[in-house]
Amino acid sequence: MLNESLGLEGKAAIVTGGGSEGEGIGNGRAAAILLARAGASVLVVDRFREFAQNTVDMILKEGGEAVAHEADLNAEDACRATVTAATENFGRLDILDNNVGISSKGSVVDESQADWAKVMRVNVESVFLMSKYAVPAMIDSGDGGAIVNIASTAAIRPRGMTAYSTSKGAMMSLTKGMAVDHGPDGIRVNCILPGPIHTPRLFAKGMSDEAREQRRKSSLLEIEGEGWDVGNAVLFFCSDLSRYVTGQCLVVDGGMSLTTRPRSSGVEERRGGALS
Ligand SMILES: NC(=O)c1ccc[n+]([C@@H]2O[C@H](COP(=O)([O-])OP(=O)(O)OC[C@H]3O[C@@H](n4cnc5c(N)ncnc54)[C@H](O)[C@@H]3O)[C@@H](O)[C@H]2O)c1
């Protein structure tokens with residue numbers, strides 16, 4: 001497929017949480033690489049500069065354009081400065097992949113108020129704040145825009161990761177509200193709900209082979225979800241291929257969430273904090 005048909009040549013993107021722990025391919029890293037391959041310039045944002053720089057190095061090696069930006073998107077100033085960094089580096093902003101996310105482990109009984117607040121701040125408030133500053137920058141750039149919010153199947157199949165599931169459900173509502181508000185500006189807003197994806201965060205935590213196999217088998221296709229699967233969905237939502245699509249939530253889970261029972265609602269998995 002020709003890159004011109006994706007409409008991403010000369011566009012500028014921000015990917016939050018675009019670094020990855022270790023050498024592997026996280027959801028944000030995959031999206032950043034695929035957007036760059038399609039011709040976009042990408043600001044790769046991570047709270048660890050080294051994680052972001054590794055992604056940038058991968059993009060530069062392929063001849064793409066990318067800049068690393070260190071920011072903890074925990075606070076308004078950091079979100080505002082991140083949007084400014086994109087417009088200063090690339091002269092415009094067209095795409096925002098709100099990929100940053102942290103997990104939680106407990107039921108309402110287990111969860112502390114401080115952990116609940118942190119998960120809501122990083123997973124939901126960062127989307128609100130990044131979008132608050134990105135939307136005007138997209139309007140100024142004059143060519144509409146695309147925002148993609150990375151939620152999770154945990155939003156529709158909660159299982160003992162209360163703060164995480166709730167935060168991801170809020171992202172679905174936020175997506176629809178933003179799509180309604182900013183459609184007239186030519187800005188499309190969509191959401192992705194990944195199922196179990198084998199990303200660096202999980203294998204860096206030392207996920208057992210057994211748990212990995214259980215996650216693979218939860219897919220109706222019995223294949224393992226990879227960062228590239230989420231990255232390709234981001235690419236679709238950011239490109240002209242989805243020019244008539246906004247306010248939608250796409251499940252990327254190999255059919256896992258169609259099965260009647262959740263993988264587990266047991267204490268062990270809750271405490272393991274496995275993402276999905
Ligand atoms: N891996 C899965 O199974 C899975 C399933 C469903 C949804 N998701 C979602 O996909 C997204 C990416 O997850 P991943 O598994 O690829 O993770 P990952 O660890 O590979 O990448 C996430 C990156 O975000 C960065 N980050 C975390 N908090 C930050 C902050 N406050 N400010 C800036 N950067 C920060 C981390 O340093 C890390 O580099 C998350 O929103 C996650 O909830 C993942």
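The values are calculated or read from the model by the stated rules, or taken from the named source; none is laboratory data. Keep in mind that this is a model prediction, so the values were computed, not measured. Every residue, glycine as well, gets a Cβ built from its backbone with ideal geometry; the counts of neighbours run over all protein chains shown.
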| Can you name the residue in region 26-40 that is over 14 Å from the mean Cα position of the chain (by Cα) and buried (at least 24 other Cβ atoms within 10 Å of the Cβ) and is also nearest to the ligand (Cβ to nearest atom) among such residues? | ALA36
| task | Considering every residue within region 163-171, establish whether at least one is polar (S, T, N, Q), surrounded by fewer than 19 Cβ atoms within 10 Å (Cβ to Cβ) and over 18 Å from GLY17 (Cα atoms). | result | no
| task | Could you please let me know if VAL15 is part of a strand (DSSP E or B), near the ligand (Cβ under 9 Å from one of its atoms) and buried (at least 24 other Cβ atoms within 10 Å of the Cβ)? | result | no
| task | Being out of contact with any strand residue (DSSP E or B) (no Cβ under 9 Å at 6 or more places or on another chain) and basic (Lys, Arg) is the filter; apply it to region 223-266 and report the residue that is modelled with the lowest pLDDT. | result | ARG263
| Could we say that MET130 is more than 16 Å from the ligand (Cβ to nearest atom), aliphatic (A, V, I, L, M) and at pLDDT 95 or above here? | no
| task | Please determine, by comparing only the residues of region 1-12 that are in a helix (DSSP H, G or I) and not charged (D, E, K, R), which one is farthest from the ligand (Cβ to nearest atom). | result | SER5
| What about ALA155, is it more than 29 Å from ALA85 (Cα to Cα) and in contact with a strand residue (DSSP E or B) (Cβ under 7 Å, 6 or more places away or on another chain)? | yes
